[in-house]
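Notes follow once the structure below has been shown.
The values are calculated or read from the model by the stated rules, or taken from the named source; none is laboratory data. Treat the numbers as computed from the prediction; the structure is a model and nothing was measured. A quick note on method: Cβ atoms are made from the backbone with ideal geometry, for glycine too, and the neighbour counts reach across all protein chains shown. Side chains are part of the model used for accessible areas, which takes the heavy atoms of the whole protein and leaves out ligands, DNA and RNA. Shrake-Rupley method; radii C 1.70, N 1.55, O 1.52, S 1.80 Å.
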Amino acid sequence: MRNFEIYNPTYFVFGRDTQGRTGELVKRFGGSKVLIHYGGGSVVRSGLLRQVEESLDAAGIAHVSLGGVQPNPRSGLVYEGIDICKREGIDFLLGIGGGSAIDSAKAIAAGAVFDGDFWDIWMGEAPYANALPLGCVLTLPATGTEGSNSSVITNEKLHLKRGSSSDFNRPRFAILNPELTYTLPAWHTACGVADIMAHIIERYFTNTPDVDVSDRLCESVLQTVIKYAPVCLHEPDNYEARAAVMWAGTLAHNGQLGVGRQEDWSSHQMGHELSALYDSTHGATLSVLIPHWLRYCLPGHEMREAQFAVRVFDCEMDFEHPERTALEGIERLSAFWKSLGLPLTFAELGAKEEDIPLMAKKCKRNYGTHTGAFRPLLEEDVAAIYHMCCEK
Ligand code: NZQ
Ligand code: ZN
């Protein structure tokens, strides 16, 4: 295990009716004038926006609202939010909804106290030195943004989707009520599940030896998601299934499962290029990419991939041919995602083979000259994986 540091300050409030605690929590964490930031209308239809406003009113906290965040949140609305914060003297951000609304709120929180263009911070070209405090009410278990140090924004003019990782992005509090996820369409439930699993997979496939504690934690959270995801689809208002997936989503990406190990993140970088070009749903890019990425990484990593197959998907270990066990695990992962209605190919995603050179070139090198660390990928490796996604 490697040396590590972890800062995980978010105060989580989990359970039924917890959105009624919003005002009390904003007050506790020092807010007196709030910008409520939300998406395309699900929180209006569900009544969540009204409940949050009532809770703030009851706590005597002033508020203004800015809706309209699109999936793959755009920088244009972030700039609008930053202007509102400066004009209105906002001192606290509240993101309510899915990851896109919360990520957009995080970027506004950063930009509101930055004397420059927030996008430079997201590009890693300006220091991230401060942000307004932020809380959130989550309605879509997927991104883990409710406990993560990340925020991912799309610059629609540059066709770039880029994430910023900083402890300033960590929410002061997060409210998680599984009942708020009952209204999720099957597609977004499934894409959320793929994202949760991907956050664990990006950490699980590592070359760092002796990481048993986090290996076992990763495996148990994955198995829990595999158990409950189909229940969420067949019984959308099954509280226990929704609760299990919701908390799994937080655990998958609040940093705990990656401590002491080198993480990969190449599937996310490759997926962001697909979203930047086609506006693809994040989780769907991952269900397409990850099985092919695992196949591409197999040479030299047979035992770790076989371990995943055995411990997560109950495959039988073939000690003479561990690569066969590994491939069987990849097949079971693909079959599971397919059973949830997720895509496995570029064709299903609407991605085009002719765009591969552009995407491979743009793909972020998150490890210096390479993308990923499990098998460090050069531009031609990224292109090869994209081509594999066209095959079937
Ligand atoms: O916009 P509204 O009307 O709210 O509808 C949303 C949206 O259409 C809908 N929705 C959300 N909760 C709902 C609901 N509909 C009915 N009932 C509910 N309870 O779902 C749609 C998708 O929402 P979105 O927020 O885009 O999805 P998600 O939570 O998956 O967020 C995806 C974004 O987060 C980024 C992704 O790249 C993508 O941009 N990520 C953020 C991370 C982070 N900050 O740590 C890490 C992830 O790896 C990821 O990159
Ligand atoms: Zn993700």
Does ALA190 meet the test of being buried (at least 24 other Cβ atoms within 10 Å of the Cβ) and not aromatic (Phe, Trp, Tyr)? yes
May I ask you to list the residues in the range 243-283 that are within 11 Å of ligand 2 (Cβ to nearest atom), over 27 Å from ASN3 (Cβ atoms) and of a type in the set (Gly, Ala, Ser)? GLY249, GLY271, SER275, GLY283
Which residues, counting only those in the range 142-165, are assigned to a loop (DSSP other than H, G, I, E, B), away from ligand 2 (no atom under 12 Å from the Cβ) and on the phi < 0 side of the Ramachandran plot? GLU146, GLY147, ASN149, GLU156, LYS157, LEU158
One residue is enough: does the range 274-284 have a residue meeting the conditions over 23 Å from LEU180 (Cβ atoms), open to solvent by less than 10 Å² (accessible area, probe 1.4 Å), touching a Cys at 6+ places or on another chain (Cβ under 6 Å) and within 12 Å of ligand 1 (Cβ to nearest atom)? no
Take the conditions in contact with a Gly (Cβ under 9 Å, 6 or more places away or on another chain), near ligand 1 (Cβ under 10 Å from one of its atoms) and part of a loop (DSSP other than H, G, I, E, B) and apply them to GLY68. Does it pass? yes
Return the residues of the range 287-301 that are of a type in the set (Ser, Thr, Tyr) and either open to solvent by less than 20 Å² (accessible area, probe 1.4 Å) or over 22 Å from TRP265 (Cβ atoms) (or both); say none if nothing qualifies. SER287
If you go through the range 95-115 one residue at a time, do you hit one that is closer than 25 Å to THR285 by Cα, open to solvent by 10 Å² or more (accessible area, probe 1.4 Å) and not small (Gly, Ala, Ser)? yes
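Looking at the range 197-210, can you tell me whether even one residue there is farther than 17 Å from LYS338 by Cβ and within 11 Å of ligand 1 (Cβ to nearest atom)? Please lay out each step first, then the result.
To start, the set of residues in the range 197-210 that are farther than 17 Å from LYS338 by Cβ comprises 199-200, 202-210.
Now restrict to residues that are within 11 Å of ligand 1 (Cβ to nearest atom): 199, 202.
Scanning the range 197-210 turns up at least one residue that is farther than 17 Å from LYS338 by Cβ and within 11 Å of ligand 1 (Cβ to nearest atom).
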Hey, does the range 347-354 have a residue that's within 22 Å of HIS272 (Cβ to Cβ), crowded, with 16+ Cβ neighbours inside 10 Å, acidic (Asp, Glu) and in contact (Cβ under 8 Å) with a residue 24 or more places away in the chain? no
Residue that is closer than 20 Å to THR208 by Cα, open to solvent by 10 Å² or more (accessible area, probe 1.4 Å), away from ligand 2 (no atom under 16 Å from the Cβ) and not polar (S, T, N, Q), where the choices are ARG324, ARG304: ARG304
Considering only the range 255-273, state which residues are open to solvent by 10 Å² or more (accessible area, probe 1.4 Å) and either assigned to a loop (DSSP other than H, G, I, E, B) or free of Cβ contacts under 8 Å to residues at least 12 places away in the same chain (or both). GLY255, VAL259, ARG261, GLN262, GLU263, TRP265
Checking HIS301 against (1) under 25 Å from the mean Cα position of the chain (by Cα); (2) in contact (Cβ under 8 Å) with a residue 24 or more places away in the chain, the condition it does not meet: (1)
Could you tell me whether GLY135 is part of a helix (DSSP H, G or I), in contact with a strand residue (DSSP E or B) (Cβ under 7 Å, 6 or more places away or on another chain), more than 21 Å from LEU274 (Cα to Cα) and open to solvent by less than 40 Å² (accessible area, probe 1.4 Å)? no
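Within the range 221-250, take every residue that is assigned to a helix (DSSP H, G or I) and among the charged types (D, E, K, R) and give me the one that is least open to solvent (accessible area, probe 1.4 Å).
Among them, the one singled out is ARG242.
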If we scan the range 210-220, do we find a residue that is within 16 Å of ligand 2 (Cβ to nearest atom) and either surrounded by 22 or more Cβ atoms within 10 Å (Cβ to Cβ) or of a type in the set (S, T, N, Q) (or both)? yes
PHE4 meets each of (1) assigned to a helix (DSSP H, G or I); (2) over 19 Å from ILE102 (Cβ atoms) with one exception, condition (1)
Filtering the range 13-45 down to residues that are within 15 Å of ligand 1 (Cβ to nearest atom) and open to solvent by less than 60 Å² (accessible area, probe 1.4 Å) yields THR18, GLN19, ILE36, HIS37, TYR38, GLY39, GLY41, VAL43
Matching residues, the range 132-166, being more than 16 Å from PRO73 (Cβ to Cβ) and of a type outside the set (Ser, Thr, Tyr): LEU132, PRO133, GLY135, VAL137, PRO141, GLY147, ASN149
Just name the residue that is nearest to the chain's Cα centre (by Cα) out of those in the range 139-187 that are among the acidic types (Asp, Glu) and open to solvent by 10 Å² or more (accessible area, probe 1.4 Å). ASP167
Among the candidates GLU80, GLU5, which residue alone is open to solvent by 20 Å² or more (accessible area, probe 1.4 Å), free of Cβ contacts under 8 Å to residues at least 24 places away in the same chain and closer than 22 Å to GLY147 by Cβ? GLU5
